[in-house]
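Data first, discussion second: the structure below is written as structure tokens.
The values are calculated or read from the model by the stated rules, or taken from the named source; none is laboratory data. These numbers were taken from a predicted model, which means no experiment stands behind them. Heads up, the Cβs are rebuilt from the backbone with ideal geometry, glycines too, and the neighbour counts pull from every protein chain shown. Ligands, DNA and RNA are stripped out before the accessible areas are found, and what is left, the full protein with its side chains, is counted by its heavy atoms. Shrake-Rupley method; radii C 1.70, N 1.55, O 1.52, S 1.80 Å.
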Protein chains: 2
Amino acid sequence: MNIAILGLGTVGTGITKIIEGANPTAMTADLHISHIFVRPDRVDQGDKLVSDYNVILNDQSVETVVEVLGGIEPAHTMITQALKHHKNVVTANKAVVACYIEEFKQLARENNVQFRFEASVGGGIPWIVNLERGLRIDAVDSVHGIFNGTSNFILDRMTKTGESFESVLKQAQDLGYAEADPSADIDGYDIENKLCISVDVAYDTLVHPGEYLPKFGIRTVQAKDIEYFKQLGLVVKLMGRSKLNGDHFSYVIEPVLYKAGEFEASISDNFNCASFHGASVGDLGFIGQGAGMMPTGQAVVQDILDINGQVKHLKRTLDTKLKLENRFDKGNYIVRTTSTQFDSLTSDWQVTSDGEYRTVVDIDAQSMHSIMKKVLADDSEAFMARVAGGVE
Amino acid sequence: MNIAILGLGTVGTGITKIIEGANPTAMTADLHISHIFVRPDRVDQGDKLVSDYNVILNDQSVETVVEVLGGIEPAHTMITQALKHHKNVVTANKAVVACYIEEFKQLARENNVQFRFEASVGGGIPWIVNLERGLRIDAVDSVHGIFNGTSNFILDRMTKTGESFESVLKQAQDLGYAEADPSADIDGYDIENKLCISVDVAYDTLVHPGEYLPKFGIRTVQAKDIEYFKQLGLVVKLMGRSKLNGDHFSYVIEPVLYKAGEFEASISDNFNCASFHGASVGDLGFIGQGAGMMPTGQAVVQDILDINGQVKHLKRTLDTKLKLENRFDKGNYIVRTTSTQFDSLTSDWQVTSDGEYRTVVDIDAQSMHSIMKKVLADDSEAFMARVAGGVE
């Protein structure tokens with residue numbers, strides 16, 4: 001099968017290393033990279049490199065286009081063009097999948113080709129394929145996970161060494177785990193894309209990233225918070241989770257406190273985990289490298305092999321009408337804030353105090369996130385974390 | 001697709017609940033159970049029940065035979081007969097797969113049908129399918145896991161409550177997790193079958209269960225051992241593990257001590273976990289229900305759906321010549337024994353003492369297991385556990 005790769009960054013390089021490496025398997029030996037789309041100033045650096053996309057689109061021998069440019073444009077346009085030219089598309093780009101999954105799936109159906117996106121969630125973890133396999137048999141009524149390795153690295157280091165957020169963020173940047181602007185990783189936007197895609201697949205519905213989805217990141221976590229949680233026997237993790245209940249579903253991204261020794265608490269370094277609950281299979285969890293050249297490249301090649309082996313995606317129409325409703329997702333939240341508004345904002349709930357920490361008892365996620373928006377306007381250093389239990 | 005089920009015990013019942021349940025999926029709706037093979041005295045209990053296997057073998061409409069009888073015979077004979085009658089076979093029976101995988105695969109090839117065994121290892125965990133998917137791209141050089149839920153339940157309860165082995169074993173028997181004769185679960189024989197199958201698939205080789213494979217179970221673990229490990233910050237788990245190194249591989253089943261907070265230490269109750277390491281994907285772990293009516297039934301139905309969807313197994317010939325060699329698998333072992341032979345048996349290694357516990361430093365698994373065979377002859381209550389690290 002002839003493959004064109006759009007972009008030769010980290011993931012693109014990983015794909016070429018796997019397909020063109022010295023030790024092909026019987027299955028990867030059947031794959032051939034015929035074109036690599038790069039910027040015009042890089043075209044001279046190799047003989048497969050092209051900067052004119054029409055060369056790829058009009059080459060009938062190219063069966064599959066792999067998009068690893070990242071970001072929304074030109075990825076969105078180039079994917080739609082490839083599909084319209086009857087080429088299968090594989091992408092590792094969570095942002096463009098979360099925004100345009102419906103259009104891409106529709107175009108793939110119309111043009112009788114496949115659109116695949118395994119690597120867009122959980123990097124090397126075979127998450128989408130196993131979720132879809134589960135759905136062949138089971139109704140799936142919840143998904144949750146540690147979908148961002150950078151924030152997990154930061155929280156894990158803080159927990160193990162007692163260092164400050166700023167110091168550990170700097171280490172993550174030096175290691176190449178975090179960008180110069182770390183917002184996407186630490187504020188939950190990266191997780192939002194991945195949780196949207198997971199929810200789309202799990203419930204056969206459509207959720208788009210946006211401000212209406214509650215997100216609380218780890219930008220304001222301090223060493224003293226980690227130490228306080230440790231004294232309570234708890235470990236904080238930045239989680240995405242969703243639960244289906246009849247015709248509504250919950251969706252929330254927030255720091256969650258697990259008992260030390262629990263599965264989620266054990267996910268160390270920059271590893272990810274992802275879990276779902278199916279009616280007959282029960283709870284299934286997956287753990288692995290959520291990013292990186294070779295793990296993510298590997299996930300892309302898995303998609304290519306499924307296309308080459310004519311393995312069909314599970315049929316999903318994404319048209320189940322569900323209502324986002326976080327009022328049923330209740331639990332206890334531990335909050336650190338100096339905001340003088342906090343007491344009046346939480347007056348409808350039972351609140352206990354322990355030094356500078358307050359615990360709001362049995363409050364729903366929607367109310368808690370609304371309150372924290374107001375609290376942050378008053379105290380930009382406030383932090384909160386949900387105590388695991390109930391829906392977890 | 002017409003399916004005949006051999007056996008209507010726990011797993012057989014789970015399969016019928018999934019296929020004949022009130023909420024079929026688009027894919028399970030395509031499956032039909034036409035026959036269920038049972039003992040002659042049960043034939044009157046339903047209209048699909050037959051006790052004459054020839055009825056199934058000679059019915060051209062039966063495409064797939066599901067064997068969930070358990071044990072070696074008549075399962076082995078009935079599987080070979082089904083394959084020779086050009087019927088696909090799906091089994092959940094680890095014992096018969098571990099002993100006869102080569103014969104079954106050979107017969108399946110000769111008769112142009114599929115032989116599948118997902119449910120034989122890890123119950124509801126999609127272990128074989130993901131290991132095989134990994135192998136499409138990667139050389140896999142290690143597998144390890146908690147492959148037995150009963151022993152994990154026992155160790156987890158002992159760790160959480162401080163109760164005795166005997167008391168917790170009784171609870172496991174009352175819950176239906178353990179048999180009246182618990183040997184297979186607590187002495188490692190159940191794990192042996194599952195690790196043999198995993199090694200066969202991972203390295204494309206053939207390992208048969210037998211006395212030459214080192215196994216040390218949890219029959220002699222005492223509450224005081226668990227308490228001692230806890231003081232060291234360690235949690236004991238009964239593990240199977242294997243590592244490939246050139247033309248030899250290690251294979252060992254033994255209690256292993258993980259730091260509290262590590263992934264393996266977090267596997268609670270009767271859950272299983274299984275992990276492999278692949279060249280590009282790195283470490284991948286899977287966690288789920290390793291047994292039970294619905295999870296295991298679900299795994300069997302996954303195999304049936306792959307056959308119905310004409311998804312091919314990874315081609316494995318099981319003919320890679322590898323040498324079992326546990327001399328390179330070195331680590332520290334903590335031992336409790338009153339045997340007077342112990343000092344002379346371990347005189348070639350550094351040994352440290354702490355009360356009634358000794359630690360043998362940097363000893364290979366083969367030597368340690370040989371020594372413990374002699375120690376047990378002298379002190380039948382002796383216990384040992386490997387300290388995780390090195391090859392883990």
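Side notes on the structure shown:
- Sequence-ordered 3J(HN,Hα) estimates for the range B:41-56 from the Karplus curve with 6.51, -1.76 and 1.60 and θ = phi - 60° stand at 6, 10, 4, 6, 7, x, 7, 8, 7, 9, 10, 9, 5, 4, 4, 6 Hz, glycine and proline given as x.
- Each residue of the range A:224-234 was assigned a 3J(HN,Hα) from its phi angle through the Karplus expression (A = 6.51, B = -1.76, C = 1.60, θ = phi - 60°), giving 5, 5, 4, 5, 5, 4, 4, 4, 8, x, 10 Hz with x at Gly and Pro.
- Surface accessible to a 1.4 Å probe, per residue, for the residues of the range B:1-114, Å²: 45 Å²
- Helix A:189-203 vs. chain A, principal-axis angle (Cα, 0 to 90°, nearest 10): 80 degrees
- A 1.4 Å probe over all protein chains sorts B:E254, A:E262, A:E73, A:E166 by accessible area into A:E166, A:E73, A:E262, B:E254, starting with the largest.
- R0 of 22 Å, Cβ-Cβ distance A:L206-A:A26: FRET efficiency to nearest 0.05: 0.05
- The range A:238-362 - percent of accessible surface contributed by carbon and sulfur, probe 1.4 Å: 49 percent
- For the range B:38-124, the relative contact order works out to 25 percent when only alpha carbon pairs closer than 8 Å and six or more residues apart are counted.
- Residues whose amide H comes within less than 5 Å of that of B:H248, counting only those at least five positions distant or on another chain, are B:K323 (H built at 1.01 Å from N in the peptide plane).
- Chain A - share of DSSP beta bridges that are antiparallel (%, nearest 5): 65 percent
- Across the range A:126-224 the C-alpha pair distances fall into 5 Å bins from zero in the proportions 2, 12, 20, 19, 14, 13, 10, 6, 2, 0 percent.
- Leading residue at positive end of dipole, the protein assembly as shown (Cβ point charges), from A:F37, B:L238, B:I363: A:F37
- When the Cα convex hull of the range B:36-158 is projected onto planes of every orientation, the mean area is 10.4 nm².
- Rolling a 1.4 angstrom probe over the protein heavy atoms with all chains in place gives the range B:258-359 an accessible area of 43 Å² per residue.
- Mean partner shielding of peptide A:268-280, defined as the number of other chain Cβ atoms within 10 Å of each residue Cβ, is 3.
- Helix-derived mean residue ellipticity, 222 nm - over chain B, DSSP H n ≥ 4, -39500 (n - 2.57), to 500: -10500 deg cm²/dmol
- Among B:Q222, B:Q45, B:Q114, residue whose mean-square fluctuation peaks in a GNM of chain B (springs only between Cα atoms under 10 Å): B:Q45
- Principal-axis tilt of helix B:293-308 within chain B, Cα atoms, nearest 10 degrees: 50 degrees
- Residue-wise HN-Hα coupling along the range A:168-175, computed from phi with Karplus coefficients 6.51, -1.76, 1.60 (Hz; x: Gly, Pro): 6, 4, 4, 4, 4, 5, 5, 7
- Under the Debye formula (equal points on every Cα, no solvent term), log10 I(q)/I(0) of chain A at q = 0.06, 0.08, 0.10, 0.13 Å⁻¹: -0.25, -0.44, -0.67, -1.06
- Placing +1 on the Cβ of every Lys and Arg and -1 on the Cβ of every Asp and Glu, with no other charges, gives the protein assembly as shown a dipole of roughly 560 debye about its Cα centre.
- Once backbone amide H atoms are built at 1.01 Å from N, B:V387 has B:L257, B:N332, B:Y333, B:I334 as its partners under 5 Å, excluding neighbours fewer than 5 places away on the same chain.
- Each Cα pair under 8 Å and six or more residues apart adds its sequence gap; the mean of these over the residue count of chain B is a relative contact order of 18 percent.
- Separation between Cα centres of the range B:174-250 and the range A:249-281, rounded to whole Å: 27 Å
- Kirkwood radius for the protein assembly as shown, taken over all pairs of different Cα atoms as the inverse mean of 1/r, rounds to 27.8 Å.
- Taking a Cβ cut-off of under 13 Å around A:F147, the surrounding Lys, Arg, Asp and Glu residues balance to a net charge of 0, with basic ones at +1 and acidic ones at -1.
- Pairs beyond 30 Å (Cα-Cα), from A:K87/A:K237; A:K215/B:K259; A:K224/B:K230; A:K84/A:K243; A:K160/B:K215; B:K224/B:K374: A:K87/A:K237; A:K215/B:K259; A:K84/A:K243; A:K160/B:K215
- Overall dimensions of the range A:223-270 by Cα: Rg and Dmax, Å: 13.3, 41
- Between B:S120, B:S344, B:S183, the GNM of chain B built on Cα springs shorter than 10 angstrom shows B:S344 fluctuating the most.
- Averaged over A:23-33, number of beta-carbon atoms from partner chains that fall within 10 Å: 2
- Close amide H partners of B:V50, meaning residues 5 or more places away or on another chain with modelled amide H under 5 Å apart, are B:I36, B:F37, B:V38.
- For chain A, built as a Gaussian network whose Cα springs stay under 10 Å, the top-fluctuating residue of A:A178, A:A139, A:A92: A:A139
- Rounded to 5, percent antiparallel among DSSP beta bridges of the protein assembly as shown: 65 percent
- Cβ-vector label at 7 Å, A:G210, separations to other copies in nm: 6.6
- Scaled against 2.2 N^0.38 Å for its residue count N, the alpha carbon radius of gyration of the range B:275-373 is 1.73.
- The angle between the Cα long axis of helix B:365-378 and the main principal axis of chain B comes to about 80°, on a 0 to 90 degree scale.
- In the range B:287-322, comparing the full protein assembly with the chain on its own, the residues that lose 50 Å² or more of accessible surface at a 1.4 Å probe are B:I287, B:Q298, B:Q302.
- The rotation axis that maps chain B onto chain A passes nearest to the beta carbon of this chain B residue, listed with its distance in whole angstrom: B:S266, 2.
- Copy-to-copy label separations for A:H86, where each label sits 7 Å from Cα toward Cβ, in nm and ascending: 3.5
- Comment: the Cα-to-Cβ extended label point of A:D354, at 7 Å, lies 2.9 nm from its counterparts in the other copies, nearest first.
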